[in-house]
Amino acid sequence: MKTFLCKTCNQKFEAEGIRVDWNDPTYGPCSKFIATCPCNGEDCDEYRPLKNNKEEFASTGSSCGSGGCCCRK
């Protein structure tokens with residue numbers, strides 16, 4: 001079971017979902033899972049929480065906290 005988010009009613013729900021594949025001219029082969037919202041019947045994308053960039057940046061071992069000065073000399 002995957003978690004999906006309906007952007008219309010802002011409801012998260014769990015469902016099996018259906019995989020949709022397509023070929024994007026820029027990125028090449030792409031895929032995503034969609035499911036039907038139980039409230040309004042709309043197709044919804046899989047819910048993926050936003051990543052915290054500060055934690056991700058800190059894990060790379062950089063000594064610069066702002067993120068912009070690492071490559072300057």
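The values are calculated or read from the model by the stated rules, or taken from the named source; none is laboratory data. Since this is a predicted model, take the numbers as computed values, not measurements. Each accessible area value is taken on the protein alone, full model and side chains, heavy atoms only, with ligands, DNA and RNA left out. Shrake-Rupley method; radii C 1.70, N 1.55, O 1.52, S 1.80 Å.
Tabulated values for the structure
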{"read-out": "Residues located in segment 12-30, provided they are within 17 Å of residue 48 (Cα to Cα), open to solvent by 60 Å² or more (accessible area, probe 1.4 Å) and not in a loop (DSSP other than H, G, I, E, B)", "value": "12, 14, 18, 19"}
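Here is a yes/no grid of residues against (1) at pLDDT below 95; (2) more than 18 Å from the chain's Cα centre (by Cα); (3) of a type in the set (Lys, Arg):
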| site | (1), (2), (3) |
| --- | --- |
| 10 | yes, no, no |
| 18 | no, no, no |
| 33 | no, no, no |
| 39 | yes, yes, no |
| 48 | yes, no, yes |
